[in-house]
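The values are calculated or read from the model by the stated rules, or taken from the named source; none is laboratory data. Remember, predicted model here, so these are calculated numbers, not experimental data. Ideal geometry is used to build each Cβ from the backbone, glycine not excepted, and the neighbour counts take in all protein chains shown. Quick note on the areas: whole protein, heavy atoms, side chains included, nothing else; ligands and nucleic acids left out. Shrake-Rupley method; radii C 1.70, N 1.55, O 1.52, S 1.80 Å.
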Amino acid sequence: PVTVFGDVSSREYIFYYTTTVAPVGEGPPPDTTPDVIVPVTDNFFGNMSVWASYPESGDLVDDLEDLVVTFSTEINTETLATQVFLQEQAISPLLRRLKESTRIPLTIDSEASNGQTIIFVPTSELAPGVAYELILKAGIASATDPTLTLGADQTIPFQTQWELFYTSVDSVKL
């Protein structure tokens, strides 16, 4: 089969649809049997997706200890080492060009993760009041079918809460 983008797919698919005949006057009942049956083994484009994450895109978080990503299928965790990372987000496109983003290494909490929901733990504490991006690259592969991968790079931006700063009345007077 060929996808709507013109890519050849090695997967087979099943499409069911029925036609109905609008009765005109008296006649036989409408035909409701499937007209076309094509075998299917997986999703249409051969891609998996991110179903949920914590933090979610745009979240403001406090005391973030781990990041959680749930995929649409079980993940080959060996593909995660080079395909998932956390980085500081530049505030503006100009600063993005001037300063290289700081990457924070992540480890996988294998005891708390299952094949579909992966828990990532930053190796260093996240700074308060900083915007971060969790980057998931398209090369992440399924555990059951290595040709099934994340369809496109996914970026999940979030920000850590500023630390509250309290001062005494005496210090304000100075």
Task: Residue pairs meeting the criteria (Cβ under 7 Å; at least 6 apart or on separate chains; first outside any strand (DSSP E or B), in region 141-159; second open to solvent by 60 Å² or more (accessible area, probe 1.4 Å) and of a type in the set (D, E, K, R)) - done: Ala143/Glu74; Thr144/Glu74; Asp153/Lys137
Task: Search result, residues across region 111-129 that are modelled with pLDDT of 90 or more and within 15 Å of the chain's Cα centre (by Cα) - done: Gln116, Thr117, Ile118, Ile119, Phe120
TODO: Return a yes/no flag: does region 135-157 have any residue that is out of contact with any Leu (no Cβ under 7 Å at 6 or more places or on another chain), among the hydroxyl-bearing types (Ser, Thr, Tyr) and more than 12 Å from Asn76 (Cβ to Cβ).
DONE: yes
TODO: Six or more apart or on different chains, Cβ under 7 Å: which pairs go from a residue in region 46-65 that's within 27 Å of Pro146 (Cα to Cα) to one that's surrounded by 12 or more Cβ atoms within 10 Å (Cβ to Cβ) and charged (D, E, K, R)? Could you list them?
DONE: Gly46/Arg11
Open item on the list: I'd like to check something: does region 130-140 contain any residue that is touching an Asp or Glu at 6+ places or on another chain (Cβ under 6 Å), modelled with pLDDT of 90 or more, open to solvent by 60 Å² or more (accessible area, probe 1.4 Å) and under 13 Å from Leu86 (Cα atoms)?
Closed with: yes
Open item on the list: Go through region 59-104 and report how many residues are open to solvent by less than 80 Å² (accessible area, probe 1.4 Å) and at pLDDT 85 or above.
Closed with: 23
